[in-house]
Amino acid sequence: MDGTAQLLDIDRRYLVHPLHHPEEHKTPLFVVSAHGAMLRDADGREVIDGLSGLWNVNIGHGRGELADAAAEQMRKVAFASAYVGATNEPAIRLGEKIVKHAYANSSGVYFTTAGAESNEAAFKTARYYWKVKDKPNKIKIISRIHAYHGVTMAAMSATGMSAYHKMFGPLVPGFIQVAAPYAYRWQGNEEPGIGAAEAVEKAILAEGPDTVAAVIAEPVMGAGGVIVPPRTYWDKIQAVLRKYDILLVADEVICGFGRTGSFWGSETFGMKPDIVTMAKQLSAGFMPIAAVMMNQRVYEVLRENSNRNVSFAHGITYSGHPASAACALEVLKIYEEQKIIDRARDLAPHFLRQLHSFADHPLVGECRGVGLVGA
């Protein structure tokens, strides 16, 4: 048995993969090296990484400066707790940098290690906010069918894809899913799925506005089919949320950091979220790090009220991990110095023209997209 075959045999014996299906690992893609947009497998073949890893490797593989940034920090201090009474410089500087790239009313940042973790933290932050505001019954979360927000228990309950529920139900109580927008044309009079905005208000009224804490939504649905909302969708949603005093959580795990042609997907669609979750592109796939960003409204409540009696008792061991934060700082530096977000915006028209050139192909039902995300 050669080395590759032996390793794959060990893989099948000992590893449980995400979305595990042994049949898929009879002849897996065994990546041994990568550079730029190309992956090289154990047989020496090169393949294009068309999905940028899992939507995260958006400045390419093999960036030595990112490995150097993480290694340099590891030599100084690889781990430092960010729990009560402790902090570290990379986490401090990264929090500041993220806020400076965000909306004018953005304020606090809490670090996690993955998108699902960020969404879990967002749900808890919303509940904390309303309990401090003396509205303890506002605990429910509304999401959309086809949305993907992760597969930990609460995040899975917000994820509107039944394949992820089948073997792990029942879902966590207090999660409601409504119809998704389904329109992808920026011109013309027809906007299919425009009633999806009204579906949110209908769900709020059915549940009772005093029981709903937040609506969570991706600016553009990613894993659920690259579903681009109608032009008026987010204006209508936000008007409903203001009417009933409900928080908006923007899941920017896929849309953030330039993919829609703006730094944040929310900017592309005129959203003004109370809470933003981010992950994947924050470190461009080089280190596990993610975050939750709050606007001033939410952060001031947390900062002014969290004490030993009303503690924001939420934490994870690797929150604000120094090496991950150092890597993410270097990624943001690359975004700035190499004008990555500008390049995404400039490339988008060409990408979308080429994408739509497939529209008349007999095997293609439809083409849709925005920025550098398409289907």
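Within region 301-347, which residues are among the aromatic types (Phe, Trp, Tyr) and in contact with a Pro (Cβ under 8 Å, 6 or more places away or on another chain)?
Within region 301-347, just TYR318 meets the criteria.
Out of region 82-112, which residues are open to solvent by less than 40 Å² (accessible area, probe 1.4 Å), in a loop (DSSP other than H, G, I, E, B) and farther than 27 Å from LEU347 by Cβ?
Within region 82-112, just ASN88 meets the criteria.
Here are the criteria: (1) outside any strand (DSSP E or B); (2) in contact with a helix residue (DSSP H, G or I) (Cβ under 6 Å, 6 or more places away or on another chain); (3) open to solvent by 10 Å² or more (accessible area, probe 1.4 Å). Tell me which single one ARG231 does not satisfy.
(2)
Residue by residue, here is whether (1) touching a residue at least 60 places away in the same chain (Cβ under 8 Å); (2) closer than 30 Å to SER52 by Cα; (3) surrounded by fewer than 18 Cβ atoms within 10 Å (Cβ to Cβ) holds:
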residue	(1), (2), (3)
LEU205	no, no, yes
GLY225	yes, yes, yes
ILE237	no, no, no
ASP245	no, no, yes
VAL249	yes, yes, no
GLU252	no, yes, no
TRP264	yes, yes, no
ALA313	no, no, yes
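Per-residue answers, yes or no, for (1) within 24 Å of THR125 (Cα to Cα); (2) of a type in the set (Val, Ile, Thr):
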site: VAL200; (1), (2): yes, yes
site: ALA217; (1), (2): yes, no
site: LEU247; (1), (2): yes, no
site: ILE254; (1), (2): yes, yes
site: ARG259; (1), (2): no, no
site: GLU267; (1), (2): yes, no
site: VAL292; (1), (2): yes, yes
site: GLU304; (1), (2): yes, no
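Could you check, for region 20-35, whether at least one of its residues is under 28 Å from ALA328 (Cα atoms), of a type outside the set (A, V, I, L, M, F, W, C) and either in a loop (DSSP other than H, G, I, E, B) or in contact with a Leu (Cβ under 6 Å, 6 or more places away or on another chain) (or both)?
Going through region 20-35, the residues under 28 Å from ALA328 (Cα atoms) turn out to be 29-35.
From what is left, the residues that are of a type outside the set (A, V, I, L, M, F, W, C) are 33, 35.
Now drop any that are not either in a loop (DSSP other than H, G, I, E, B) or in contact with a Leu (Cβ under 6 Å, 6 or more places away or on another chain) (or both), which leaves none.
Checked against the condition, which is being under 28 Å from ALA328 (Cα atoms), of a type outside the set (A, V, I, L, M, F, W, C) and either in a loop (DSSP other than H, G, I, E, B) or in contact with a Leu (Cβ under 6 Å, 6 or more places away or on another chain) (or both), region 20-35 yields no hits at all.
If a residue must be under 29 Å from the mean Cα position of the chain (by Cα) and open to solvent by 100 Å² or more (accessible area, probe 1.4 Å), how many such residues does region 3-22 contain?
3
Criterion first (buried (at least 24 other Cβ atoms within 10 Å of the Cβ) and hydroxyl-bearing (Ser, Thr, Tyr)) does TYR128 satisfy it?
Against the criterion (buried (at least 24 other Cβ atoms within 10 Å of the Cβ) and hydroxyl-bearing (Ser, Thr, Tyr)), TYR128 does not qualify.
Quick one: which residue in GLN338, GLN354, GLN296 is of a type in the set (S, T, N, Q), modelled with pLDDT of 95 or more, within 20 Å of GLY53 (Cβ to Cβ) and open to solvent by 40 Å² or more (accessible area, probe 1.4 Å)?
Values: GLN354 fails: within 20 Å of GLY53 (Cβ to Cβ); GLN296 fails: within 20 Å of GLY53 (Cβ to Cβ).
Residue meeting the stated conditions: GLN338.
Could you please find all residues in region 113-146 being part of a helix (DSSP H, G or I) and under 16 Å from the mean Cα position of the chain (by Cα)?
GLY115, ALA116, GLU117, SER118, ASN119, GLU120, ALA121, ALA122, PHE123
Which one of the conditions (1) open to solvent by 80 Å² or more (accessible area, probe 1.4 Å); (2) under 21 Å from LYS280 (Cβ atoms) does VAL31 fail to meet, given that it meets all the rest?
(1)
Determine whether THR260 is touching a His at 6+ places or on another chain (Cβ under 9 Å), β-branched (Val, Ile, Thr) and under 25 Å from ARG368 (Cα atoms).
no
Restricting attention to region 236-293, which residues are assigned to a helix (DSSP H, G or I) and under 13 Å from the mean Cα position of the chain (by Cα)?
If the condition is that a residue be assigned to a helix (DSSP H, G or I) and under 13 Å from the mean Cα position of the chain (by Cα), then GLY265, SER266, LYS280, GLN281, LEU282 are the ones that fit.
Identify the residue in region 131-155 that is crowded, with 22+ Cβ neighbours inside 10 Å and of a type outside the set (D, E, K, R) and, among all such residues, is farthest from VAL226 (Cα to Cα).
Per the criteria, the residue is ILE141.
The values are calculated or read from the model by the stated rules, or taken from the named source; none is laboratory data. Note that the structure is a prediction, hence the values are computed from the model and not measured. When we count neighbours, we look across all protein chains shown, and the Cβ atoms used for this are built from the backbone with ideal geometry, even at glycine. Heavy atoms of the whole protein, side chains included, go into the accessibility calculation; ligands, DNA and RNA do not. Shrake-Rupley method; radii C 1.70, N 1.55, O 1.52, S 1.80 Å.
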